[in-house]
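Colleague: Let me give you the structure first, and then I'll get to my questions.
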Amino acid sequence: MEVPKASDVLANELRERILSGEYTEGTPLPPERELVVQTKMSRTTVREALRILEVQGLVRIKAGRAGGAFVQRPGEQSMADTVALLIRGRQIRLGALLETREAIEPFCAQLAARHRTDEDLARLDAANEDIATAGDKLDAFLQANVDWHIAVASASHNELLSGLMISLSRAIYAATENEGFIDEKVREITVKAHRSVTRAIRDRDPDAAVRRMSRHVHSYAESIREFEERTDIPLDQES
């Protein structure tokens with residue numbers, strides 16, 4: 001019979017209080033010395049429990065006289081970080097990343113066309129401008145490309161999809177950071193496709209958005225697969 005560590009027990013209790021809303025976002029948890037008195041646990045145990053919550057993204061630790069453990073609710077970045085660990089830890093193949101993007105990103109575009117705001121459109125337009133002006137700078141092109149895909153997911157206003165797309169887009173960025181693949185033709189096609197999808201989102205046309213995004217991500221995936229037949233594209237495990 002496995003007996004849980006005291007720090008895990010305390011972390012679990014505090015986690016439930018945070019997730020249930022008993023401790024609201026931005027408020028401090030009881031001071032460390034108070035938790036020691038309340039729980040009758042050692043200071044080392046209390047600190048370990050707080051570190052567990054910090055790693056899980058449920059609290060942020062601030063030092064100093066006005067410091068302490070402050071509650072933060074998990075958001076899309078928490079999910080993105082978790083998925084990124086899965087991708088790196090399991091060494092998920094590039095083909096699986098592309099398949100997943102083909103499965104979900106057209107739906108992101110559809111939702112974006114329904115729910116987008118003026119702020120969402122501004123992000124999409126800014127990313128499109130960055131892509132168009134990146135020239136032959138590979139890093140600038142890839143970063144702008146990631147920014148656009150994440151902006152589409154954010155415009156869906158679905159945090160689960162946004163978190164997943166952040167991780168997928170960054171992983172695909174790392175895997176396609178290759179001058180041989182990102183040539184002038186790929187850049188031109190990307191600019192045209194992104195503007196086309198953006199127009200559908202701007203016009204609140206979900207049918208056109210899903211159709212155009214499906215065509216774009218599928219053709220991009222096919223281009224990568226064709227390139228892989230000629231040369232290997234490793235999945236960068238450090239990005």
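The values are calculated or read from the model by the stated rules, or taken from the named source; none is laboratory data. No experiment lies behind these values; they were computed from the predicted model shown. Please note: Cβ atoms are built from the backbone with ideal geometry, for glycine as well, and neighbour counts cover all protein chains shown. When the accessible area is computed, the model is the full protein with side chains, heavy atoms only, and any ligands, DNA or RNA have been set aside. Shrake-Rupley method; radii C 1.70, N 1.55, O 1.52, S 1.80 Å.
Colleague: What are the residues in the stretch 49-86 that are among the basic types (Lys, Arg) and in contact (Cβ under 8 Å) with a residue 24 or more places away in the chain, if any?
Modeller: Across the stretch 49-86, the qualifying residue is only Arg73.
Colleague: State the number of residues belonging to the stretch 83-95 that are part of a helix (DSSP H, G or I) and surrounded by 15 or more Cβ atoms within 10 Å (Cβ to Cβ).
Modeller: The number of residues fulfilling the criteria is 5.
Colleague: Sort through Ser162, Ser156, Ser169 and tell me the only one that's within 9 Å of the chain's Cα centre (by Cα), farther than 16 Å from Ile224 by Cα and either without any contact (Cβ under 8 Å) to a residue 40 or more places away in the chain or open to solvent by less than 20 Å² (accessible area, probe 1.4 Å) (or both).
Modeller: Only one candidate qualifies: Ser162.
Colleague: Further question: Quick one: is Arg199 open to solvent by 10 Å² or more (accessible area, probe 1.4 Å), assigned by the TED database to the domain that holds Leu94 and over 18 Å from Arg101 (Cα atoms)?
Modeller: The answer is yes for Arg199.
Colleague: Looking at this structure, is Arg60 more than 27 Å from Leu160 (Cβ to Cβ) and either open to solvent by 70 Å² or more (accessible area, probe 1.4 Å) or modelled with pLDDT of 95 or more (or both)?
Modeller: Here the answer is no, as Arg60 does not meet what is asked.
Colleague: Of the conditions (1) surrounded by 18 or more Cβ atoms within 10 Å (Cβ to Cβ); (2) under 16 Å from the mean Cα position of the chain (by Cα); (3) free of Cβ contacts under 8 Å to residues at least 60 places away in the same chain, Thr45 fails just one. Which one is it?
Modeller: (2)
Colleague: Take Leu98 and decide whether it is open to solvent by 60 Å² or more (accessible area, probe 1.4 Å), part of a helix (DSSP H, G or I) and modelled with pLDDT under 95.
Modeller: In short, no.
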